Structure formats: structure tokens, C-alpha cells
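**Q** For reference, the structure I am asking about is given below.
None of the figures in this text is laboratory data; all of them are computed from the coordinates on show. Predicted model, so just to flag it, every value in this text is computed and none were measured. Here the Cβ positions follow ideal geometry from the backbone for every residue, glycine too, while neighbour counts run over all protein chains shown.
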Amino acid sequence: MRSAPRRGFAIAAISLGTVLTTIDGAIVNVALPTIARDLRVDNSAAVLIVTVYQLTLVMTLLPFSALGDKVGLKRLYQLGQLVFSVATLLCFFANSLPFLLVARAVQGLGAAASLSVMTALIRHIYPNSALGRGLALNTVCATVSGALAPTAGGLILGIAPWPWVFAAGVPFALLSLVLGRTTLPEVPPHDVDYDGIGALFCIVTFGFTISGLESGVHGGSPVVSAAITLAGLLFAILFVRHELTQSHPIMPLDLLKLPVVGLSCASSLAAFMAAMLLTLSMPFRLQHLYGFSPRDIGAIMASWPVVMMVVAPASGALSDRVPSGLLGAIGMAIAVVGMLLVAFLPVQPGMIDIGWRMALCGLGFGLFFTPNARLVVGSAPRHRAASAGGLISTARLTGQTLGATILAALLAFGIGEARGPALTASALAILAGIGSLARLNPALRLPSASELDAGAA
């Protein structure tokens with residue numbers, strides 16, 4: 001087992017990588033109007049700066065997680081950070097939208113390479129008895145940096161041009177690379193064939209399906225959008241059929257066939273859809289229906305990540321001793337209560353009225369996410385940790401993307417600024433809670449450490 005000081009530096013390297021990819025993924029949001037003005041493009045075109053990053057992540061996470069098993073976790077993680085840093089510098093010097101979009105796509109590739117093996121590295125850094133606490137710390141880093149990103153972006157724009165928004169993450173990348181070079185675990189790669197055709201199917205499947213859905217809800221031609229989505233679904237069928245014939249597939253169907261892993265991933269997808277749907281819809285509702293200023297909305301919304309920041313470490317530690325299915329079910333029950341209270345706000349709510357309801361939602365999701373991730377990673381053999389981590393990240397990003405798509409559809413139908421999003425999010429959280437509760441079935445027990453590692457032979 002690694003010494004405590006060495007483990008501490010390895011944890012710092014992973015934490016800084018989490019902060020890097022989270023901040024640079026979210027900090028640009030507040031700069032979009034400024035970028036659109038300076039580059040002389042429409043606001044709708046500027047949104048592509050965010051979309052291309054998210055879409056690249058979703059398309060390439062699973063292919064990179066499989067690649068990590070072949071080339072080595074540490075090597076791929078640091079290579080991803082290096083690519084991300086170079087692309088960030090390219091964003092800094094961008095003077096046109098096409099160039100900026102290409103740089104953001106490369107940023108997404110670097111982020112996907114790092115994120116795809118991050119969870120696997122955490123498993124190799126921490127002993128199995130402390131895995132939940134390790135995942136909780138990573139969740140806290142992501143939550144805090146995501147919450148601070150808009151504020152940091154606003155402060156930077158107040159004193160410097162928008163390119164400096166992208167440069168904010170470079171120091172984190174350099175420090176993470178230096179710390180990780182000698183402290184991250186050297187996990188031996190596996191000499192296996194890489195499923196290149198499966199990787200291509202994965203990229204095309206996610207790319208077509210999500211692009212088609214996004215096009216449909218953002219006013220694209222219904223016929224073209226439906227055709228793109230249908231093409232994505234057809235590729236999905238071909239993708240699954242191909243993967244069933246592979247001994248080392250891109251999509252780890254062997255892990256998804258384990259009921260506990262399949263239920264956990266499905267629950268995670270529903271929970272992330274619910275969380276994204278509610279958090280994205282609240283600013284519209286608070287500003288347009290209740291007249292809150294952007295500054296007040298920021299203060300109200302902060303109660304969610306602040307509570308998660310406190311709860312995630314506790315839930316991670318509990319998940320090392322208490323069944324994750326029970327923690328997840330309790331968390332989703334609390335979240336559903338919070339979201340229903342948000343749906344049925346008073347006629348003239350104050351900031352405190354809304355803030356404590358959002359905090360209750362944060363408490364519920366904080367109890368759910370870390371134990372759920374711990375169960376997925378802990379249920380996979382140690383040599384499949386990269387694939388399990390890829391599943392977690394893909395469920396998160398796909399859920400967030402679909403949650404945003406659902407909100408766009410609700411807004412298009414004129415029901416996105418009232419109770420509709422909160423009620424829809426409650427329904428999704430109920431599904432996540434049912435999936436979490438089902439994992440308490442004794443037939444779906446978590447395998448012992450000896451049984452997991454026996455699979456490595």
C-alpha cells in the first residue's frame with residue numbers, strides 16, 4: 001500500500017485534475033455574451049462553444065476508458081491533461097469562432113482522456129475500505145469548483161478580456177502534472193486488442209443521437225432532427241451487436257450485465273437528468289416569475305452545492321460501512337421531497353423560502369451520488385476499474401445533456417418556467433430511488449474483495 005505522504009500527493013494530483021476539467025468546462029458559460037459580441041456572431045452560435053465541449057466528452061469517454069486499460073492509466077491521464085492544457089492555450093489565442101470551436105473540441109478530447117481513467121486511479125490510490133471516502137473527496141472537488149466557476153468567470157471578465165477565462169485552468173494543469181508524475185500509481189497496462197470499430201460505433205452513436213435531440217429542441221428542422229436521431233439509434237443497435245462479439249469491448253456490456261452495476265448506472269443517469277433539469281430551470285423561474293435579480297439567484301442556488309460539499313464526504317465514509325443502495329434510496333427520497341417543495345413554492349417566496357428547499361435537494365443528491373459511484377467501482381474487478389469509471393462518467397455527462405435537452409423541450413412548449421421542470425425532475429428522482437432500493441436485494445450483493453480480484457486472473 002502507498003505511504004501516506006505519497007498517497008496525499010497523488011490525491012492532490014487527481015483533485016487538481018478534477019478542478020481543472022470542471023472549471024474550464026463551466027467557467028466559459030458566463031463569458032458567452034461577451035465572446036459573441038467580440039467575435040461578431042449570434043448568441044445562438046456562441047452556445048456551440050459549450051455544446052461542442054460537452055458532446056466531445058460524451059462521445060469519447062468510453063473509447064478512452066478502454067484505451068486506458070491498454071496503454072496505462074497514469075499515462076493516459078497525464079496525456080489528457082497535457083492535451084487539455086495545450087488546447088486551453090489555443091482558446092486563449094482564438095480570434096474567430098471556428099478556431100475557438102476546434103480548440104474546444106480538442107479540450108474535450110483531453111478532458112475525456114483524463115476523466116475516463118480518473119475513477120480507476122482513485123481505486124488504485126485508496127485501499128478498498130476507504131474507497132468511498134476517496135470518491136467523496138473527488139465529488140467535493142467537482143462540486144466546489146463547479147459552483148465557483150461562474151463567480152470566478154465573472155471576476156475575470158471584470159478585470160480582463162474573455163481569453164483570460166480560458167487561461168484560468170492552466171496553473172491547475174501544470175501543478176497536477178508535476179505532482180502526478182512521481183506519485184500517481186503505475187498500473188501495468190493489459191496487452192489486449194483495442195476495439196477500434198467499437199470505438200467508432202460509440203462515437204457515431206452518441207454523436208448522432210444527442211445532436212439529433214439537440215437540433216430538435218433548438219428549432220431545427222423536425223424531419224432532419226428526427227432523421228439524425230433515428231440514425232443514431234440504428235448505430236446504437238449495430239454498436240451493441242458488435243460489442244457482444246468482442247472479448248474486450250468499448251462498451252463494458254459484461255459489467256452492465258451485472259444487475260447491481262446496471263441498476264446503478266440507470267439510477268445515476270436518471271438522477272443526473274433530474275439534477276440538471278432542476279438547476280438549469282430555476283434561474284428562468286426565479287427571474288421571470290418571481291423577479292429575483294441574477295445576484296440573488298446566484299445566492300439562492302449556492303445553497304445546493306454548499307450542502308453537497310458538506311454531505312458528500314460523510315456519505316462517502318458511510319458507503320464504506322452502510323449499503324450504498326440504502327443510502328441512495330434515502331437520498332432520493334429526500335431529494336424528491338425537496339423538489340416537490342420547490343414545485344409548490346409560496347405565491348411570493350423569499351430567498352430563504354427557496355434556499356432551504358434547494359439545500360434539501362442538495363442533501364438528497366449528496367447522499368446519492370458518491371455511494372452510487374462507489375458501488376459501480378467496487379462491483380467491478382480491479383483490472384476493470386477504468387471501464388467502470390468510464391460508465392460512471394458517461395452516465396453523468398449523458399444525464400446532464402439529456403436533462404438540458406428536456407428543459408429545452410419544456411421551454412419550447414411553454415411549461416419550462418413554472419412547476420413542470422421540478423415535477424419532471426421529481427419523477428426522474430423517484431425512478432433513481434427505486435433503482436437504488438432494488439440493489440438491496442440479497443441476490444445483488446456486492447462481491448467480496450477476494451472475489452473481485454480473482455477475476456483479474
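**Q** Compute the signed sum of charges (Lys and Arg +1, Asp and Glu -1) over the other residues within less than 11 Å, Cβ to Cβ, of residue 76.
**A** +2
**Q** Add +1 for every Lys or Arg and -1 for every Asp or Glu among the other residues with Cβ under 11 Å from the Cβ of residue 372, and state the total.
**A** Once all neighbours under 11 Å are counted, the net charge is +3.
**Q** Taking the beta-carbon count within 10 Å as an exposure proxy, list 384, 104, 6 from fewest neighbours to most.
**A** Final ranking by Cβ density, sparse to dense: 6, 384, 104.
**Q** Quote the charge dipole size of the chain about the Cα centre in Debye, to the nearest 20; the model charges only the Cβ of Lys and Arg (+1) and of Asp and Glu (-1).
**A** The dipole of the chain has a size of about 680 debye.
**Q** Can you compute the helix-only [θ] at 222 nm over the chain? Use -39500 (n - 2.57) per DSSP H run of at least 4 residues, normalise by all residues, nearest 500 deg cm²/dmol.
**A** Mean residue ellipticity, 222 nm, calculated: -27000 deg cm²/dmol.
**Q** Another question about this same structure. Along the positive direction of the dipole of segment 1-156 (beta-carbon charges: Lys, Arg +1; Asp, Glu -1; about the Cα centre), which of 80, 155, 90 reaches farthest?
**A** It is 80.
**Q** If you don't mind, there's one more thing I want to ask. I need the phi-derived Karplus couplings for segment 412-418: 6.51 cos²θ - 1.76 cosθ + 1.60, θ = phi - 60°, integer Hz, Gly and Pro marked x.
**A** 5, 8, x, 10, x, 10, 10
**Q** Another question, then. Spelling out what I want: for every residue of segment 373-379, take phi, set θ = phi - 60°, compute 6.51 cos²θ - 1.76 cosθ + 1.60 (Karplus), and round to whole Hz; glycine and proline get x.
**A** Computed from phi, the couplings for segment 373-379 are 5, 4, 5, 5, 5, x, 7 Hz.
**Q** Separate question: Which value, to two decimals, describes the C-alpha radius of gyration of segment 154-236 once divided by 2.2 N^0.38 Å?
**A** Against the empirical 2.2 N^0.38 Å value, I get 1.78 for segment 154-236.
**Q** Within 15 Å, Cβ to Cβ, of residue 278, how many net charges do the neighbouring residues add up to if Lys/Arg are +1 and Asp/Glu are -1?
**A** It works out to a net charge of +2.
**Q** Let me ask something additional. Mind sorting out which of (1) 5, 21, 32, 29, 12, 2, 0; (2) 4, 19, 28, 25, 16, 6, 1, 0; (3) 4, 18, 23, 20, 15, 11, 7, 3, 0, 0 is the real P(r) over Cα pairs in 10 Å bins from 0, in percent computed from the coordinates?
**A** (1)
**Q** Taking the highest mean first, how do the peptides 430-439, 363-372 order by number of other beta carbon atoms within 10 angstrom per residue?
**A** Peptide ranking by packing, descending: 363-372, 430-439.
**Q** Taking the simple approach of a point 7 Å from Cα along Cα-to-Cβ for both residue 186 and residue 344, what is their distance in nm?
**A** 6.2 nm
**Q** Which whole-Hz couplings ³J(HN,Hα) result when phi for each residue of segment 256-270 is put into the Karplus expression 6.51 cos²θ - 1.76 cosθ + 1.60, θ = phi - 60°, listed in order with x for Gly and Pro?
**A** After applying 6.51 cos²θ - 1.76 cosθ + 1.60, I find 5, 6, 5, x, 5, 6, x, 5, 5, 5, 5, 5, 4, 4, 5 Hz.
**Q** Now, a different point. Just name one of 288, 414, 399: the one whose Cα is farthest towards the positive end of the charge dipole of the chain (beta-carbon charges, Lys/Arg +1, Asp/Glu -1).
**A** Of the candidates, 399 comes out farthest on the positive side.
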